[in-house]
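Worksheet for the structure shown next.
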Amino acid sequence: MKRWQHVNGIYQIYPRSFKDSNGDGTGDLPGIIEKLDYIKSGNATLGIDAIWLSPFYPSPMADFGYDVADYKNVDPMFGTLDDFKRLLSEAHARDIKVMIDFVPNHTSDEHEWFQESKTSRASAKRDWYIWRDPKADGSPPNNWLSVFGGSAWEYDTASGQYYLHSFLAKQPDLNWDNPEVRATMCDVLRFWLDMGVDGIRADAVRWISKDPAYQNNPLNADFAEGDDPYFTQRQKYSRYGENLFAYLKEMSNVIEEYDDRIILFEDYPDPWIDLKSQYSHFYAVNPRVAAPFNFEGFGTPYSAKHFRSFVNKFQTYIGSEERPFYCFGNHDNPRLVSRIGRPQAKLIGMLQLTLPGTPVIYYGDEIGMENVPIAPEYVHDPFEKQTPGLGLGRDPERTPMQWSAQPHAGFTSGEPWLPVANNYSLTNVETEFGDSGSFLRMYHALLKLRRLSVLRFGTYEEWMGSNDQLYGFFREDTKGALFVLLNMSAEPVAYNGDIFGLVLYSTHAMQAQTIDGPMTLQAHQGIIIDCSI
């Protein structure tokens, strides 16, 4: 099997929405197995080497699997543990690596550990979670907020103490300062790695270490009406505690016990932490097996100026041995097409697939799926339910994969758990594979092109002619040199450079197969030129 350093891309699958095999309206593991040939099989539609599965563990689904009730099994909604083992086997037979989600910060309140912890203050597992006495007036121990709204403390009448939940009250935080907790969670990792899992995506890691004194967070002077209420405070003490990177090191040490495994940490740019320092700390955990995702692209305005700045800075932050993992879509953020527009999203897709490192692609982005408006009666996401009207709900980007023009986009023979997009008859895998100018055909072509070592391992250098409309860069190694040029404007732009070479790919039809001097790029056009000939 291809080693991680040679993988050309990771494809994130939200199991509930990928493919339903039994007609109950919910995606499942057998459905994913059914579609593995779409991901990679010979001259496949995508040709991707790795998949990442969002949680499939037993869970009451208060936060759709991120409230884990059993770390070593599969929720019946998605199938069985044998189904997962079969998925592993079928994926490996196609040379596809499998990465799974790991939720270290919190469990479900229905997990047996928490159920035991709350039986009494004397429970052997009381210190597995974070329990604190009320203030003298009975109020919570401090002012920390839940990401999903309201206080991060929930009062337990039976014991007269509060427990901490950085997310929902049904997601109590584990106490990572307890060595027993850390050892147990490392054993969870070994359970899946022993089974053959190739990689781990570690969720919400910034919260696993807190201020040991549990001081109040300071207020955020820059908060504006209409912003996410969570940011009324600067999250100074409730996350990024002094032991964070030591605990991540313990996780990565487990990963390093196995051959060719990796762990990727979820962490977003923090407005109160220097970004270079933030990345350097995460990459320093264990660069042989561990790295953070790069999520800056979610908040970067669409322009040559902004994307050049974002990429150039990040490339200087990391060393030559540190591999970037660029993401422009995931299950917690609006779809790329909905954020910036259809032609713009196509160009950013091309950017992602030509940058150094390993691209991480969210299911459906390769066909240009959009956010789907969710009527109030169909809302599932607790984020929307607890903070309605602020546009924070994540259901719109988690809707069913659009496979065909058949009813329910070929996702299910039943009633889908979330509505399917209205445009599914045109935006779907089957239709787009027959259209040479589609999103899907572009992804297919560029993922095939990424088999060239220069795109996976070559150096990155910005083209000095880049400006507020054009963004260009070179990728080069001992086997070749490519020039990538993107017109990130809504107007045709003249290119007056002196690059000579063969056009390997263009987002727009071109008559010329070679470039030798000035040319005009159409609005939102990107080209890749082999300038090593």
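Kindly indicate whether Ala213 is in a loop (DSSP other than H, G, I, E, B), among the small types (Gly, Ala, Ser) and modelled with pLDDT under 95.
Details: in a loop (DSSP other than H, G, I, E, B): yes; among the small types (Gly, Ala, Ser): yes; modelled with pLDDT under 95: no.
No.
Rundown of residues vs (1) within 22 Å of Gly368 (Cβ to Cβ); (2) of a type in the set (Lys, Arg), yes/no style:
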{"position": "Gly472", "(1), (2)": "no, no"}
{"position": "Arg475", "(1), (2)": "no, yes"}
{"position": "Lys479", "(1), (2)": "no, yes"}
{"position": "His508", "(1), (2)": "yes, no"}
Unmet criterion (only one of (1) at positive phi; (2) surrounded by fewer than 18 Cβ atoms within 10 Å (Cβ to Cβ)) for Gly79: (2)
Filter pass, Glu257 being surrounded by 15 or more Cβ atoms within 10 Å (Cβ to Cβ), at pLDDT 95 or above, among the charged types (D, E, K, R) and farther than 27 Å from Leu485 by Cα: no
Filtered residues of the stretch 381-421 (kept if in contact (Cβ under 8 Å) with a residue 12 or more places away in the chain, open to solvent by 60 Å² or more (accessible area, probe 1.4 Å) and either assigned to a loop (DSSP other than H, G, I, E, B) or in contact with a strand residue (DSSP E or B) (Cβ under 7 Å, 6 or more places away or on another chain) (or both)): Leu390, Ser413, Glu415
Hits in the stretch 82-101 (condition: touching a helix residue (DSSP H, G or I) at 6+ places or on another chain (Cβ under 8 Å), surrounded by fewer than 23 Cβ atoms within 10 Å (Cβ to Cβ) and not aliphatic (A, V, I, L, M)): Asp83, Lys85, Arg86, Glu90, Arg94
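Can you list the strands (runs of 3 or more DSSP E) lying wholly within the stretch 424-533 that have 2 or more residues being touching a residue at least 40 places away in the same chain (Cβ under 8 Å) and within 18 Å of Leu355 (Cβ to Cβ)?
On the way: elements: 459-462, 470-477, 480-487, 493-495, 500-506, 514-516, 519-521, 526-530.
The strands (runs of 3 or more DSSP E) meeting that bar are 459-462, 470-477, 480-487, 500-506, 526-530.
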Meets criteria (at pLDDT 95 or above, farther than 30 Å from Asp95 by Cβ and either among the acidic types (Asp, Glu) or not in a loop (DSSP other than H, G, I, E, B) (or both)) for Tyr162: yes
From Asp133, Asp109, residue being farther than 22 Å from Asp63 by Cα, modelled with pLDDT of 95 or more and open to solvent by 20 Å² or more (accessible area, probe 1.4 Å): Asp133
Of the criteria (1) under 17 Å from the mean Cα position of the chain (by Cα); (2) closer than 23 Å to Pro104 by Cβ, which one Ala62 fails: (1)
Residue list for the stretch 287-312, restricted to those being part of a strand (DSSP E or B) and either out of contact with any Leu (no Cβ under 8 Å at 6 or more places or on another chain) or open to solvent by 20 Å² or more (accessible area, probe 1.4 Å) (or both): Asn294
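Table: residues versus (1) open to solvent by less than 20 Å² (accessible area, probe 1.4 Å); (2) in a loop (DSSP other than H, G, I, E, B).
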site	(1), (2)
Asp20	yes, yes
Thr26	yes, yes
Asp37	no, no
Gly47	yes, yes
Tyr57	yes, yes
Pro60	no, yes
Asp63	yes, yes
Val74	yes, yes
Failed condition for Trp207, given (1) out of contact with any Phe, Trp or Tyr (no Cβ under 7 Å at 6 or more places or on another chain); (2) surrounded by fewer than 22 Cβ atoms within 10 Å (Cβ to Cβ): (2)
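The values are calculated or read from the model by the stated rules, or taken from the named source; none is laboratory data. Computed from a predicted model, the values in this text were never measured in an experiment. Cβ coordinates were reconstructed from backbone atoms using ideal geometry, including for glycine residues, and neighbour counts include every protein chain displayed. Side chains included, ligands, DNA and RNA excluded: accessible areas come from the protein's heavy atoms. Shrake-Rupley method; radii C 1.70, N 1.55, O 1.52, S 1.80 Å.
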